[in-house]
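Below: one structure, written as structure tokens.
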Amino acid sequence: MSRRTLPIFKKLLSGGGSTTTTTTTRSVTYMPRPGDGTPRPVTLIPGDGVGPLVTGAVEQVMEAMHAPVYFEKYDVHGDMKTVPPELIESIKKNKVCLKGGLKTPVGGGVSSLNVLLRKELDLYASLVHCFNLQGLPTRHQNVDIVVIRENTEGEYAGLEHEVVPGVVESLKVITKFCSERIAKYAFEYAYLNNRKKVTAVHKANIMKLADGLFLESCREIASKYPSIKYNEMIVDNCSMQLVSKPEQFDVMVTPNLYGNLVSNIAAGIAGGTGVMPGGNVGADHAIFEQGASAGNVGNEKLVEQKKANPVALLLSSAMMLRHLQFPSFADRLEIAVKRVILEGGYRTKDLGGTSTTQEVVDTVIANLE
């Protein structure tokens, strides 16, 4: 090959030789182990309010894709006092669960089933991915934030008691063990997903012992990942920075309560809780659900009109498929959902449209490749 033709050849290889044809290329093949294509059982909790609508959407899309999963469904609701033992047994057996929102009663002494599930299964890491979707206008561009939150202690330990009438004491528990393992998970996630920076969010200027221990643990783990940049930010400043310059954040690691707040702020910036995927994972089990707080769980109007947004749970189910080592199915689902958002013809009310859940689902299915 002559020197004159070499640049032309390189240009053709890079796709610059023609503007009229598009070549679809596959990534380096995923080489499964024998038996990896066997359909996998997944525990399904439809949940409360709009939960059955959005989990039903996932069931339809999985069936249309002929995805190698099948669901074991459990009728569980947020006003139950305990998690049914048969549900725990199912998740322990299947290792993976997909969940709609469970309504958490406010006050009244009833514990959150969401928190009970995380504690029972030791799902110590909560992950919410907040990112811009092409075609969905937002105030900020280039937002791509992963919030990793410690999920089992902190203010959510639930250690409260009334000292004397009118005086309640609530204990915040931070341990070195839990702080180190969530920091390790955050850095491991960043390393395996080619992320460049981890930000620890804290309030150690006031809670010097509790949040100080969390920071100390993050620093120790950070020293073992020299290729990943590490910084720290006080939670109030972090909230302000999120709404003014969110593109500066990459991976964020937080104690329990701060992570709940930060992930909802990040979700609101990137397009709303209705489109942000997430999940909770431990050493042995994982539950996938809408990433940021499902504030629309109890919205009766959405249930009556059947206009709940299924995008967040569809993207969460793509995360689940990747977790189950079905990457091609995950890619097909993500591409279809993102194409529907980009085209903009079918959107639910929270995204500025008037579509029903079923109309969005039908359009996603039509865009599956």
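Checking the cross-link filter: which lysines have an alpha carbon closer than 19 Å to that of LYS245, excluding same-chain neighbours under 8 positions apart?
The qualifying lysines are LYS196, LYS197, LYS229.
Tell me which residues come under 5 Å, amide H to amide H, from LEU44 once H is placed; ignore anything under 5 positions away on its chain.
Sorted by chain and number, the residues that satisfy this are GLU72, LYS73, TYR74, LEU98.
Per-residue HN-Hα couplings for region 355-360, Karplus 6.51 cos²θ - 1.76 cosθ + 1.60 at θ = phi - 60°, whole Hz, x for Gly and Pro?
Working through the residues one at a time gives 6, 7, 4, 5, 5, 5 Hz.
Pick from SER244, SER217, SER90: which is most flexible by mean-square fluctuation in a GNM of the chain where alpha carbon atoms under 10 Å apart are linked?
Of SER244, SER217, SER90, the most mobile in the Gaussian network model is SER244.
Give the shape of region 283-355 as rounded, prolate or oblate, defined through the alpha-carbon gyration tensor: a ≥ b ≥ c are the square roots of its eigenvalues, a/c under 1.5 means rounded, and otherwise the shape is prolate if a/b is larger than b/c and oblate if not.
Values: a/c = 3.21, a/b = 1.38, b/c = 2.32.
Here region 283-355 falls in the oblate category.
To the nearest 0.05, what FRET efficiency results for GLN134 and LEU171 with a Förster distance of 30 Å applied to their C-beta separation? Intermediate values should be presented prior to the final figure.
Values: r = 45 Å, r/R0 = 1.50.
Efficiency, from the Cβ-Cβ distance: 0.10.
Connecting C-alpha atoms closer than 10 Å in a GNM of the chain, tell me which of LEU342, LEU192, LEU98 has the biggest fluctuation.
LEU192
I'd like the Karplus ³J(HN,Hα) series for region 346-351: coefficients 6.51, -1.76, 1.60, θ = phi - 60°, whole numbers in Hz, and an x wherever there's a Gly or Pro.
Those phi angles translate into 10, 9, 7, 4, 5, 9 Hz.
Taking amide hydrogens as modeled 1.01 Å from N in the peptide plane, which residues meet the under 5 Å criterion relative to TYR156, leaving out close sequence neighbours?
LEU257
So if R0 is 35 Å, what FRET efficiency would ASN194 and VAL115 give, r being the distance between their Cβ atoms, rounded to the nearest 0.05?
Working: r = 32 Å, r/R0 = 0.92.
Taking R0 as 35 Å, the efficiency between ASN194 and VAL115 is 0.60.
Rounded to the nearest Å, what's the spacing between the alpha carbon centres of region 293-369 and region 198-240? Just the number, please.
One Cα centre to the other: 34 Å.
Taking the Cβ of each residue in ASP48, ASP122 as the centre, tally the other Cβ atoms inside 10 Å and list the residues starting with the fewest. Mind dumping the intermediate values first?
Numbers: ASP48 21, ASP122 13.
Starting with the residue having the fewest Cβ neighbours, the order is ASP122, ASP48.
Mind giving me the nanometre distance, one decimal, between the label points for ARG219 and SER328, set 7 Å out from Cα along Cα→Cβ?
Between ARG219 and SER328, the simple spin-label model gives 5.0 nm.
My understanding is that a pair violates if its Cα-Cα distance is over 30 Å; which of LYS73/LYS172; LYS73/LYS176; LYS99/LYS184; LYS119/LYS203; LYS81/LYS208; LYS99/LYS307 do that in this structure?
Values: LYS73/LYS172 35 Å; LYS73/LYS176 37 Å; LYS99/LYS184 26 Å; LYS119/LYS203 24 Å; LYS81/LYS208 36 Å; LYS99/LYS307 18 Å.
Violating the 30 Å limit, Cα to Cα: LYS73/LYS172; LYS73/LYS176; LYS81/LYS208.
Evaluate the relative contact order of the chain (contact order divided by residue number), counting alpha-carbon pairs under 8 angstrom at least 6 apart; express in whole percent. Display every interim value, and only then the final one.
Values: 705 pairs, mean separation 71.5, N = 369.
Here the relative contact order equals 19 percent.
For helix 176-192, report the angle its Cα long axis makes with the longest principal axis of the Cα atoms of the chain; keep it between 0 and 90° and round to the nearest 10°.
So the helix axis and the longest Cα principal axis differ by about 10 degrees.
List, largest first, the extents of the alpha carbons of region 200-264 along their principal axes, each in whole Å.
Largest to smallest, the principal-axis extents are 30, 29, 17 Å.
Determine the gain in length on full extension of the stretch HIS161-MET31; use 0.36 nm per residue of separation and subtract their C-alpha separation, reporting nm with one decimal. Each step should come with its number before you reach the end.
Values: separation 130, 0.36 × 130 = 46.80 nm, distance 5.45 nm.
Full extension from HIS161 to MET31 adds 41.3 nm.
The numbers here are math on the coordinates, done by the rules we state, and not lab data. All of these numbers come straight from a predicted model, not from anything done at the bench. Note that each Cβ is placed from the backbone with ideal geometry, even for glycine, and that neighbours are counted across all protein chains shown.
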